[in-house]
């Protein structure tokens, strides 16, 4: 049975900012890029532990969709993957 992938409100805001920046900077590929990120999330429903553990944040993992890092947490009892943040790899990691 697959896990349910949920995107938190902060992650949704992160994603919207990434897409806005992409539309302004790369209008011809922004939609395709956003769709590819969301398609990458589908992997988490079948393989929730595919991402690497984040050493500074116990219980948090990251999945890389270059240049975006997808921070998430797995709740195996509820069979839920909660996406915490979408983050550009050159930025300092999020604190929450």
Q) Does residue 19 satisfy the condition of being over 22 Å from residue 79 (Cβ atoms) and in contact with a helix residue (DSSP H, G or I) (Cβ under 7 Å, 6 or more places away or on another chain)? A) yes
Q | Pair list, Cβ < 8 Å and 6+ apart or interchain, from the range 68-79 residues that are at positive phi and surrounded by fewer than 18 Cβ atoms within 10 Å (Cβ to Cβ) to residues that are at pLDDT 95 or above and not in a strand (DSSP E or B) | A | 79/3
Q | The lone exception for residue 58 - which of (1) surrounded by 17 or more Cβ atoms within 10 Å (Cβ to Cβ); (2) at pLDDT below 95 it fails | A | (1)
Q: Taking only the range 70-79 into account, find how many residues are part of a strand (DSSP E or B) and either more than 14 Å from the chain's Cα centre (by Cα) or modelled with pLDDT under 95 (or both).
A: 1
Q | Hits in the range 2-53 (condition: free of Cβ contacts under 8 Å to residues at least 12 places away in the same chain, in contact with a strand residue (DSSP E or B) (Cβ under 8 Å, 6 or more places away or on another chain) and part of a helix (DSSP H, G or I)) | A | none
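The values are calculated or read from the model by the stated rules, or taken from the named source; none is laboratory data. Predicted model only: the values in this text are computed from it and were never measured. Heads up, the Cβs are rebuilt from the backbone with ideal geometry, glycines too, and the neighbour counts pull from every protein chain shown.
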